[in-house]
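K.L.:
Before I ask anything, let me first share the structure, which is written out below as structure tokens.
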Amino acid sequence: RRQPGRRRRRQPAAEGSSHRDGGSMRCQVSVLYFARSAELAGLRCETLSVPREITSLQLWEEIVKVHPRLAVIRDQVIFAVRQEYVLLGDQLLVLQPGDEVAIIPPISGG
């Protein structure tokens, strides 16, 4: 009973997620779009809510849900998560609130 305000803060956070699959625990990340991805998305950056534990391919699919036109560059795109390159695939990412996710299509044409 010393500080009931603290106890109240913790309870909603703990009770906020009812699913146990990890997908219900979401966080806000900054998504940066470069070159062709910026043209297709129609913007250079935004904040999206995504699952904290997600594969790089699932993260791409979350972004494409918001910007379906990005689907055309799927086979050419590379992510940079926290300024480290990540290929699309089964690699598990553990995201933190505020992380930067950059969408980097190929710079040179082929």
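The values are calculated or read from the model by the stated rules, or taken from the named source; none is laboratory data. Everything numeric here is computed off the predicted structure, so don't read it as measured data. Backbone-built Cβ (ideal geometry, glycine too); neighbour counts: all protein chains shown. Please note that ligands, DNA and RNA were not included when accessible areas were found on the heavy atoms of the full protein model with its side chains. Shrake-Rupley method; radii C 1.70, N 1.55, O 1.52, S 1.80 Å.
K.L.:
Would you mind calculating the gained length between GLN96 and LYS65 on full extension (0.36 nm times residue separation, minus the Cα-Cα distance), in nm to one decimal?
P.N.:
So the chain would gain 9.1 nm between GLN96 and LYS65.
K.L.:
Might you work out the accessible area of ARG69 for me, using a 1.4 Å probe with all protein chains in place, and round it to the nearest 10 Å²?
P.N.:
Ignoring ligands and nucleic acids, ARG69 comes out at about 150 Å².
K.L.:
Would you kindly state how much longer the chain becomes between SER49 and ILE78 on full extension, computed as 0.36 nm times their sequence separation minus their alpha carbon distance, in nm to one decimal?
P.N.:
8.5 nm
K.L.:
Counting only protein chains, not ligands or nucleic acids, how are PHE79, PHE34 ordered by accessible area (probe 1.4 Å), most first?
P.N.:
Result, largest first: PHE34, PHE79.
K.L.:
Might you report the magnitude of the Cβ-based charge dipole of the range 26-104 about its Cα centre, with Lys and Arg at +1 and Asp and Glu at -1, to the nearest 20 debye?
P.N.:
180 debye
K.L.:
In what order, largest first, do SER37, SER30 sit by accessible area if the probe radius is 1.4 Å?
P.N.:
Descending accessible area places them as SER30, SER37.
K.L.:
Take ILE78, ILE63 and sort them by solvent-accessible surface of the protein heavy atoms, 1.4 Å probe, largest at the top. Intermediate values should be presented prior to the final figure.
P.N.:
Details: ILE78 60, ILE63 0 Å².
If we order ILE78, ILE63 from most to least accessible, we get ILE78, ILE63.
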